[in-house]
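Working notes, structure below.
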Amino acid sequence: MSTASSYLLEPELELHNITNADSHTTNKKTLSHVQPKTYKLRRFPLRAAALIVGPAVVLAYYAFIWHLVVTRAEDTLKLGIPNELWIHYCWFVVGVFGLNFSKYGLLGIEASMLHDRNWQVKSTMKLLMHCDSAWSSPGGWLKCGSALLRQKRNVAGRLWYTLAVLSLFPFIALPLSGLTMEPVDGYVASHESPLAIGHKPDDFNRRPKASKETLFWKTGQSPTIPGIGIVYTAPHVQRNSVPYLWDLPNSLPSNISESNPELFLAPQANVPISGRVWGLLIGCNCSIVKSFSEFAILNQRTTADFNETSSLTELKLNSSQLSDRIIIAANSNANLVAHAQIGFNFSGVYGQTGWAATAPTPALFEYALWQGNREMGFNLLREQVNFSTTIDSPMADVGGPYFQAKNGTFYFNQTFYGNQPDENGTVSSEPVYRSTSLSHIAPPIGVRCIRDSKLGYADVDRKGHFHSFTKSPPPHVDTHESGDVFGFGYIGHDIAGKFTELVTSTNSPPPLRFTHGLYYPSYIQAETLYQSIMLAHAWNALELMYDSSYTFQSAYILPNATGSRASKVMGPGAIPPIYVGVLFALWAVGSVILGCGYGLRRRWSERLDGYSMFRFGADFAREIQNEPDFACTAEFEECQALWKLPGLVGDAQPARDIGHITLVKWGNEPNKGKRYH
């Protein structure tokens, strides 16, 4: 039996009255033989439920917000649900209530764990550290640290530190959670049909004859989509991995890339739309040619009446593909001598009933360029600007119209395009060479493209995806109207011979203009040629679908589609949500473990409250009241006698049928089925 048991009332005795008197009176105790009331230890399931449910709800709500934020973190368009900001506002309400539910539950778990010898505190000093739930707030943590510094010994037990760490997780996580999310500009779905621009089936072949695509191409203007500017891709395409789809408005590809996905150009509104719409499905992938053998059209090498002074000619090839064409172009008024061969074929004409296919099939576009440098009277300028003769990506396995003999003289091969008759009409079987004023010849370069396009209907969504595409060519128009439109990629005639525009369209250093010609600072590189050809294809597509227009003067109500309205939605904040999520997860898991392990155990009280400490103190009043450092005006940590008193809340009368809950030494855990008074 503990020391405290000698100060307990004997069974069947009840304390009726205690009075205080002055020096002339004495305390009188009246005892009567009355059977005291006894009680069993109780369970408090509400506190256990609060500890389990509170953190779990907070974690689940944060996971829901985390999902919203993460799934749209890299989306160009932030699409939300109506009144989404209330999710953001309610988060702090849920967090505060969850934090208080957790504390409410931990106070009960604390009392239950104080019964357990594995978590017992070994002295009354450490038990008093649990008063006022000091482990749950910064004030208590500072108090513990201050006492530790003054006493030079640990004033709290394992249980206190466990509860403190568990309380620290949400204390840190809840304020930081506000930095993981923030309201951003976005859109929510509406049920109204939007105003849109872009060709429809009935007017696709009715368009202005004047085209702006060549103007935009040669000035190097970015091929951005009008309106809100969404280019639709198939659902499997990771849009955040395609650079030209990162920003709004989207643009069509014009830079070097390994491959481009199919792109669906649909009518554009000023907001995201959803529904089934009619549009143009295009595909265009170009590559820099390493060997002339990669060409399919230019490899056919037909005879052409083209010499050093020619500028432009077109050839129709006698091949299985009746639409195969070759355009040969050259320049003569610059220090850069250029000879280009452009091979392409027609894959069809939109709406032309005479073709077997009502929509174009994949077609080819090939561009080979031979270059040389000549002085042309630029000797003074050459001393100031050195002409760069470097070619980064040359094309192999082909000769050229110019060559340098062993003696260093440069010649033009007049039979490069086939043997031509001389002024007497004689065709020589031998090569014919003519000396020329070149000072350097560059290796040839080349670019090859595969294009495809279809017209039809597709389902589009607000995230920029399309699916369920079905072909639907536009109707044929009357002969007096503008007529059928050639398929996507019909750019050969637009760029043939325009060597200066190849440079300006890619924002490369332009040639200097003088009275006797143009001065190029370097050769045209294969990468420049690639970008210029891709840009020409891009503007051709914008011309086909939108007439290269960005105004809404001709806007119309788009049927079978719904629009959106601007709204504030939740977006990512300054810090990644995973760090806060880990803290909430540790808090929730720890709370569930303690709640399930100790929440439903029987205990003497709902929590370690003031009444409990008053009763425990009454049992040890005689042992502590005469201690010299037991003073009302001092902090309890300064009372060294508290280290001597036990801290386990247990049974002081384990051998009796009716026990007594008070502070006991190691081993006297209460019997859960026993009655206590």
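Only the coordinates and a few stated rules stand behind these numbers; no lab work does. Because the structure is predicted, anything quoted here is derived from the model rather than measured. Ideal geometry is used to build each Cβ from the backbone, glycine not excepted, and the neighbour counts take in all protein chains shown.
Here is how the numbers come out for the structure above:
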| read-out | value |
| --- | --- |
| Spacing of the two label points (7 Å from each Cα toward its C-beta) at Lys122 and Phe514, in nm | 9.7 |
| Virtual spin-label span in nm between Asn333 and Thr302, 7 Å along Cα→Cβ | 3.0 |
| Two-site FRET efficiency, Ser190 against Glu294, from Cβ-Cβ distance with R₀ of 35 Å, rounded to 0.05 | 0.10 |
| Given Lys463/Lys568; Lys200/Lys454; Lys218/Lys454; Lys37/Lys672; Lys122/Lys672; Lys218/Lys498, the pairs whose alpha carbons are separated by over 20 Å | Lys218/Lys454; Lys122/Lys672 |
| Gain on full stretching of the segment that runs from Lys212 to Arg42 - 0.36 nm per residue minus C-alpha separation | 52.6 nm |
| Lys200-Tyr89 pseudo-label distance in nm [points 7 Å out on the Cα-to-Cβ vector] | 4.2 |
| Residues Val398, Val277, sorted so that the one with the fewest Cβ neighbours within 10 Å comes first | Val398, Val277 |
| Selected from Phe169, Val69, Met181, residue furthest toward positive end of dipole (the stretch 61-218; charges at beta carbon) | Phe169 |
